[in-house]
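Asks: Starting off with a structure, shown below.
No value in this document is a laboratory result; all are computed from the given coordinates. Every value quoted in this text rests on a predicted model; they were computed, and no experiment measured them. Glycine gets a Cβ as well: all are built from the backbone with ideal geometry, and neighbour counts include every protein chain shown.
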Amino acid sequence: TVPGHFATKNMLRGHHMKAARLKKLDRQATALVFRLSGIPTAETKRRVTLRVPLLRKARRVDVDAYWLSGLDALVCCGALVDDGPKWCEIRPTEWLRGPRRQTEVILEDLEG
């Protein structure tokens with residue numbers, strides 16, 4: 001579980017330095033959680049599911065809103081070999097209602 005939400009594709013629009021800063025924060029938070037979790041570095045294809053709790057007043061969000069920065073962060077820390085279809089199967093985002101801003105990342109190893 002990564003604290004907060006990954007930067008959405010709408011947040012990454014605009015000034016390139018702001019987008020770079022947001023993506024860096026996502027990479028750092030994901031890398032810390034990944035290292036502390038004890039999950040081994042990816043060597044095979046993995047299935048990825050995101051569970052994102054939305055706050056009560058949150059508006060509807062695009063289904064792919066959190067994937068861009070999230071996948072980059074997972075590749076950077078070694079949780080995924082690559083975010084292409086050869087190494088990564090993306091499951092639909094699961095939207096939950098919850099009191100905290102956090103993103104649960106579920107990784108499942110797939111055979112060759």
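Asks: Tell me which residues, restricted to segment 32-52, are surrounded by fewer than 18 Cβ atoms within 10 Å (Cβ to Cβ) and in contact with a Gly (Cβ under 8 Å, 6 or more places away or on another chain).
Replies: Correct list: 41, 44.
Asks: For segment 2-19, name all the residues that are loosely packed, with under 11 Cβ neighbours inside 10 Å and at negative phi.
Replies: If the condition is that a residue be loosely packed, with under 11 Cβ neighbours inside 10 Å and at negative phi, then 10, 13, 15, 16, 17 are the ones that fit.
Asks: Still on this model: Note down all Cβ pairs under 8 Å where the first residue falls in segment 1-27 and is of a type in the set (Val, Ile, Thr), the second is assigned to a loop (DSSP other than H, G, I, E, B), and they're at least six residues apart or on different chains.
Replies: Short answer, once both residue conditions are applied: 8/61; 8/62; 8/65; 8/66.
Asks: To continue, here is another question. Go through (1) touching a helix residue (DSSP H, G or I) at 6+ places or on another chain (Cβ under 8 Å); (2) without any contact (Cβ under 8 Å) to a residue 24 or more places away in the chain; (3) hydroxyl-bearing (Ser, Thr, Tyr) for residue 37 and report which single condition fails.
Replies: The one condition residue 37 does not meet is (1).
Asks: What are the pairs, 6+ residues apart or on separate chains, where a residue within segment 80-108 that is loosely packed, with under 14 Cβ neighbours inside 10 Å has its Cβ under 6 Å from a residue that is part of a strand (DSSP E or B) and among the polar types (S, T, N, Q)?
Replies: Listed pairs, sorted by first residue: 91/49; 106/49.
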